[in-house]
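Data block below; observations after.
The values are calculated or read from the model by the stated rules, or taken from the named source; none is laboratory data. This structure is a prediction, so every number in the text was calculated from the model and none was measured. Don't worry about glycine lacking a Cβ; one is built from the backbone with ideal geometry, like all the others, and counts go over all protein chains shown.
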């Protein structure tokens with residue numbers, strides 16, 4: 001039986017990778033892909049804890065996370081298409097309309 | 001056997017995660033993300049939740065990733081000469097050190113908790129899909145309905161956002 005800590009370690013590593021990706025990439029779509037990496041890390045954690053503590057709640061939460069990710073991808077990609085069509089920006093750095 | 005699969009899955013998912021954020025061509029990044037999603041599904045099978053693994057493959061790898069690749073194809077993004085942020089090294093170092101601290105703390109925690117009643121035997125008796133269904137429609141019915149309304153809102157929002165504006169349509173028809 002693999003210790004629960006190993007799953008948590010893998011999930012943390014993936015989460016950090018996704019976070020670095022959000023911070024360093026300039027392409028819109030790859031920033032969104034990094035968010036998917038982070039959501040998957042969270043899903044591994046939820047399912048691992050649910051499986052080790054014999055509760056189904058974590059797996060239900062993981063299903064909800066997948067549904068939220070689908071909605072987020074649809075809305076985000078629609079916004080990206082609008083930004084590209086109006087020629088507002090071509091990468092993340094140039095989007096500063098809402099910048100304080 | 002389980003140990004071997006665990007280490008294989010974690011190695012490949014971490015490598016493909018790094019490739020997702022490091023490759024220059026966006027399509028290659030999408031394919032690395034596909035590898036990551038399939039291996040996360042492998043983790044779910046390792047954790048005895050096969051319904052979730054199938055949902056992961058069908059919804060994530062089948063639908064969401066295809067949506068990403070469609071948008072990539074539609075926008076025809078060029079590979080720029082400067083893909084990364086200016087202060088990439090500094091940002092990666094700071095984030096990795098914060099992640100290392102988290103990892104150290106998490107690896108030391110005992111993670112003890114009360115166990116629920118959904119043991120392997122109890123789930124195996126009815127089947128994983130049925131157990132998930134019974135839980136979702138008994139204990140999580142309100143959340144399920146909220147997700148349904150959320151997805152409806154996401155569909156409507158995506159259509160409204162990505163629709164070609166009426167004025168722009170007229171302009172393009174005048175030119176042709």
Pair list, Cβ under 9 Å, 6 or more apart: region B:93-114 residue at positive phi, other residue outside any loop (DSSP other than H, G, I, E, B): B:111/A:4; B:111/A:5; B:111/A:8; B:111/A:49; B:111/A:52
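One line per residue, one yes/no per condition, for (1) within 25 Å of the chain's Cα centre (by Cα); (2) assigned to a helix (DSSP H, G or I); (3) surrounded by 12 or more Cβ atoms within 10 Å (Cβ to Cβ):
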{"site": "B:97", "(1), (2), (3)": "yes, yes, no"}
{"site": "B:100", "(1), (2), (3)": "yes, yes, yes"}
{"site": "B:103", "(1), (2), (3)": "yes, yes, yes"}
{"site": "B:110", "(1), (2), (3)": "no, no, no"}
{"site": "B:114", "(1), (2), (3)": "no, no, no"}
{"site": "B:121", "(1), (2), (3)": "no, yes, no"}
{"site": "B:124", "(1), (2), (3)": "no, yes, no"}
Selection within region B:128-161 - within 18 Å of residue B:56 (Cα to Cα) and more than 23 Å from the chain's Cα centre (by Cα): B:130, B:131
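Just for region A:19-31: of the residues that are within 7 Å of chain B (Cβ to nearest Cβ) and without any contact (Cβ under 8 Å) to a residue 60 or more places away in the chain, which one is nearest to residue B:75 (Cα to Cα)?
Filtering region A:19-31 for residues that are within 7 Å of chain B (Cβ to nearest Cβ) and without any contact (Cβ under 8 Å) to a residue 60 or more places away in the chain, the one nearest to residue B:75 (Cα to Cα) comes out as A:29.
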Selection status of residue A:4, touching a residue at least 24 places away in the same chain (Cβ under 8 Å), at the interface with chain B (Cβ under 8 Å from one of its Cβ atoms) and buried (at least 23 other Cβ atoms within 10 Å of the Cβ): no
Breaking point among (1) buried (at least 19 other Cβ atoms within 10 Å of the Cβ); (2) over 18 Å from residue A:91 (Cβ atoms); (3) within 13 Å of the chain's Cα centre (by Cα), for residue B:92: (3)
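Please verify whether residue A:77 is facing chain B (nearest Cβ under 7 Å), surrounded by 21 or more Cβ atoms within 10 Å (Cβ to Cβ) and closer than 30 Å to residue B:89 by Cα, treating the condition exactly as stated. Quick ask: steps written out before the conclusion?
On the way: facing chain B (nearest Cβ under 7 Å): yes; surrounded by 21 or more Cβ atoms within 10 Å (Cβ to Cβ): yes; closer than 30 Å to residue B:89 by Cα: yes.
When the stated conditions are applied, residue A:77 passes them.
Would you pick out the residues in region A:48-67 that are touching a helix residue (DSSP H, G or I) at 6+ places or on another chain (Cβ under 7 Å) and either facing chain B (nearest Cβ under 7 Å) or not in a helix (DSSP H, G or I) (or both)? Talk me through it step by step, then tell me what you get.
At the first step, the residues of region A:48-67 found to be touching a helix residue (DSSP H, G or I) at 6+ places or on another chain (Cβ under 7 Å) are A:48-50, A:52, A:56-67.
Passing the criteria: A:48, A:56, A:59, A:60, A:62, A:63, A:64, A:66, A:67.
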Residue that is nearest to the other protein chains (Cβ to nearest Cβ) [pool: residues in region B:59-81 that are surrounded by fewer than 16 Cβ atoms within 10 Å (Cβ to Cβ) and either at pLDDT 95 or above or not in a helix (DSSP H, G or I) (or both)]: B:80
Only one of B:119, B:135 that is at pLDDT below 85 and within 19 Å of residue A:47 (Cβ to Cβ): B:119
